[in-house]
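So the structure is just underneath, and the comments pick up after that.
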Amino acid sequence: MVEGAARGVESVPGVRVESAPGSGDDRIVELAAESAGRRRLVVTADRELRRRVTELGAEVTGPRTVLG
């Protein structure tokens with residue numbers, strides 16, 4: 001998810017980049033809700049975002065998982 005000045009970053013093979021028209025967190029929650037019934041993994045360190053997406057059934061991991 002990109003927002004603000006980062007909009008326009010392109011996807012690469014295996015990674016879909018989504019540009020948020022407003023709040024990136026809100027768009028992540030929308031996407032998690034839209035894909036109910038599918039496995040979803042959200043990578044974030046934001047506690048509030050973690051709470052919001054897990055309520056929708058998404059799995060969450062921290063950024064260290066990706067960077068490690």
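What the table below lists for this structure:
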item: Exclusive hit being among the hydrophobic types (A, V, I, L, M, F, W, C) and open to solvent by 40 Å² or more (accessible area, probe 1.4 Å), set ALA20, ALA33; result: ALA33
item: Selection count where residues are closer than 12 Å to VAL29 by Cα, open to solvent by 60 Å² or more (accessible area, probe 1.4 Å) and assigned to a helix (DSSP H, G or I), scope segment 40-68; result: 5
item: Within segment 26-68, considering residues that are of a type in the set (D, E, K, R) and touching a helix residue (DSSP H, G or I) at 6+ places or on another chain (Cβ under 6 Å), the one nearest to GLY4 (Cα to Cα); result: ARG52
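Every residue, every condition in (1) part of a helix (DSSP H, G or I); (2) among the polar types (S, T, N, Q); (3) closer than 17 Å to GLU55 by Cβ, yes or no:
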| site | (1), (2), (3) |
| --- | --- |
| VAL17 | no, no, no |
| PRO21 | no, no, no |
| ASP25 | yes, no, yes |
| VAL29 | yes, no, yes |
| ARG38 | no, no, yes |
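The values are calculated or read from the model by the stated rules, or taken from the named source; none is laboratory data. Predicted model, so just to flag it, every value in this text is computed and none were measured. Note that we place each Cβ from the backbone using ideal geometry, even for glycine, and neighbour counts take in every protein chain shown. We work out accessible area using only protein heavy atoms, side chains counted, and drop any ligands, DNA or RNA first. Shrake-Rupley method; radii C 1.70, N 1.55, O 1.52, S 1.80 Å.
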